[in-house]
Structures are given as C-alpha cells and as structure tokens.
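Every read-out reported here was derived from the displayed coordinates using simple, explicitly stated rules and does not represent laboratory data. Note that the structure is predicted; figures quoted are calculated from it, not measured. Cβ sites come from the backbone with ideal geometry, for glycine too, and all protein chains shown count toward neighbours.
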Amino acid sequence: MRILLIAGHGQGDPGAVGNGHKEAECTRHFTELLAKHLGWGLDVEVYDTKQDLIQTRNYASLMSYDQIIEIHFNAASNPEAKGCEVLISQDRKANNVDNACLGALGKYFTNRGIKLRDKEGLGNMRQFQAMGIDYRLLELCFISNANDMKVYFENAENIAKDITLALRPLFGFNSEPTSAPEAPTPSPTPTQGGAYAKHYAENGVATFTESCYINVEPKYGANTDTLYNPGESVNYDEVIYNDGYIWVGYTRNNGTRGYIATGKYDSNIKRTESYATFK
Ligand SMILES: [Zn+2]
C-alpha cells in the first residue's frame, strides 16, 4: 500500500488568500504534519512541495501509488462560509477512506459532507480517476473564515492525529497484506534464535516526549488504534528491541497488550533515539 500526500497549489500559485494566510503555505504546513503521523508504520510519501502538480503535470511518475490525499483550504467571498469537505470524482462512490477523512475533520469543523465533482472540474482528480488511483481532495476548512483558521492553527497537529487514527485501520494491519511497510533505517541486526534482538522484563514509567502510537504488536507497521500525547505516561513491564525500535509493553485497560516504540537502536543494540524519558 503506497500512499501519496499532495499539498495543493505552490510553485508561484498562492491559492486562496485570507486572514493573513496563503493557502499554498497552509497546505504544506498540514501535509507535513499528516505525513509525520500517517507515516508511522505506513508507506507515505509527500509529492515535492516545491512543485504544484497542476503545473508540472508530472502524473506519469505517480502511477505506483494506491491512495492519494490532496490537501486544500476552501475560500468564499462570504466570510461566514465555514467547514470541511471531501471532494471525490462523481464517477465513483464515497469509500471508507473518504468517510474516515471527513469524520476526523468533522470533529473540528462544520461537516459539509462528501462533494461529488465533475471530472472535468478538477485537473488532478480527472487524471487520477483515469489512472485508476483512489484519490480525494480534502478542503480542511475555509481560509476566508477567521474562526475556521483559528481552530485550524490551534488544532493542526491533533487534526493530523485524528485523520491518522481513522485511516490506520484501513491502511495498516487490517488491510490486504500485499506490501508490508519496510522497516526504516537503521535496520535491525538479524536476530539469532530469539524472535527479538533483545527482550527483558522491566517495571518502569515511560513519559512520552513525542506523540507515540500504541501498537498491538512490538512491530513496525502493526495495527494501532490510539496514541499517547507528549507529557503522558505509561507503566510498562516489558522491553523489546525489534524492527529497529525499542518497545515498551504493558496491559491496556481493555485487557490486551499494547506496545509503544520509545526510540530506535543501532546494529550494536544500543539506543540511538528516544521519544520518552524513563524512571
Ligand atoms: Zn485550493
């Protein structure tokens, strides 16, 4: 499953302008945030943010993607117009990916619904529909509405998290296991005998310094349904070095085991990165 995120406008086209903001800058701001969160365990790439796909028409290079999400902000001459929309081609029906994106945006903005667009209306939509790639365009909110933009900037990271949590069950563990996400570099040392590079019991408290997703297995790309925010803590009872990450394991409130990556390790099984402090 290869996912592409596209930031709308750019390359000299500012897009809509409102409340002191240029759409092209806002679309890049959010695309980077979404890539950071959705990219946890999934194969997510961002189309070159120095470019505007409408201008470069670089479609042939994008044939291998399965899912495309393009980010925009809406605008209207009426400053009262507000809310989020998901635009899809009228040649297909709304699917669970479209609905997941809309549902997450609808927690923050007035939900204007799925909007069917004539395929002649939107250049990228027309191309990707013809290429058979599942594509939708998110209008996060109205750049012309002062309150929408206030809500956006106060919640941008949480919006990215909520879209990620809504999409993970669709793109991750529960979807067709066609192409498992590759482990990131540095790649873990092949283990001899044991399933994990290192595994031991330890009781401690991990306090997260970054957003950390809870996986159902101590495995990069395993399914996840929620996350810890920076500053939150977990009491863990197990430490596992696997898939390039150092996981802590604990029993969740629902009785199942949860595993959280707290950093990375190198070929000497030494910690190189940390997303938490420990005591
Ligand atoms: Zn736009």
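Counting only Cβ charges, +1 for Lys and Arg and -1 for Asp and Glu, the dipole size of the chain around its Cα centre is about 160 debye. Considering only Ala100, Cys84, Ser267, the residue lying farthest towards the positive end of the dipole of the chain is Ala100, judged by Cα position with unit charges set on Cβ.
In plain terms, the chain from Asn19 to Tyr200 could stretch by 59.8 nm, reckoned as 0.36 nm per residue minus the Cα-Cα distance.
Exposure proxy shown here: for Met149, Met1, the number of other Cβ atoms within 10 Å sets the order, fewest to most, as Met1, Met149. The amide H of Lys115, built 1.01 Å from its N in the peptide plane, has Val86, Leu87, Ile88 as neighbours under 5 Å, considering only residues 5 or more places off or on other chains. For region 129-145, 3J(HN,Hα) computed residue by residue from phi via the Karplus equation (6.51, -1.76, 1.60; θ = phi - 60°) reads 4, 5, 7, x, 9, 6, 9, 9, 10, 8, 9, 4, 6, 9, 5, 8, 10 Hz, glycine and proline entered as x. Phi-derived couplings, Karplus 6.51 cos²θ - 1.76 cosθ + 1.60 at θ = phi - 60°, listed residue by residue for region 23-36: 4, 4, 6, 5, 5, 6, 4, 6, 4, 5, 5, 5, 4, 4 Hz, with x used for Gly and Pro. Computed on the Cα atoms alone, the convex hull of region 198-278 gives a volume of 81 cubic angstrom per residue. The convex hull of the Cα atoms of the chain, projected and averaged over all directions, covers 16.1 nm².
With r as the distance between the Cβ atoms of Glu154 and Arg117 and R0 = 30 Å, compute the FRET efficiency 1/(1 + (r/R0)^6) and round to 0.05. For R0 = 30 Å, the calculated efficiency reads 0.50. If R0 is 30 Å, the Cβ-Cβ spacing of Thr251 and Leu170 corresponds to a FRET efficiency of close to 0.65. For the chain, the mean residue ellipticity at 222 nm estimated from helices alone is -7500 deg cm²/dmol, where every DSSP H run of n ≥ 4 contributes -39500 (n - 2.57) and the total is divided by all residues, rounded to the nearest 500. Net charge of the neighbourhood of Val17, taken over other residues with C-beta under 14 Å away and scored Lys/Arg +1, Asp/Glu -1, is -2.
Which part of region 219-258 falls in the paramagnetic zone of Thr272, meaning amide N under 14 Å from the point 7 Å along Cα-to-beta-carbon? Answer for this model: 242-246.
Candidate cross-link partners of Lys82 among the lysines, defined by an alpha-carbon separation under 21 Å and a same-chain spacing of 8 or more, comprise Lys22, Lys107, Lys115, Lys150. For the chain, modelled as a GNM whose springs connect Cα atoms under 10 angstrom apart, the maximal fluctuation among Gly20, Gly41, Gly221 occurs at Gly20. Here r is the Cβ-Cβ distance between Thr226 and Arg57 and R0 is 30 Å; the resulting FRET efficiency, rounded to 0.05, is 0.15. Dipole magnitude for region 51-146: computed about the Cα centre from +1 point charges on Lys and Arg Cβ and -1 point charges on Asp and Glu Cβ, it is near 140 debye. Arranged from fewest to most other beta-carbon atoms within 10 Å of their beta carbon, Arg252, Arg126 become Arg252, Arg126. For region 6-90, rounded, prolate or oblate, judged on the Cα gyration tensor with a ≥ b ≥ c (square roots of eigenvalues), a/c < 1.5 rounded, else prolate if a/b > b/c? Verdict is prolate for region 6-90.
What you get for region 198-278, charging only the Cβ of Lys and Arg (+1) and of Asp and Glu (-1), is a dipole of about 120 debye around the Cα centre. Excluding same-chain neighbours fewer than eight residues apart, the aspartates and glutamates reachable from Lys279 by a Cα-Cα span under 14 Å are Glu202, Glu232, Asp237, Glu238.
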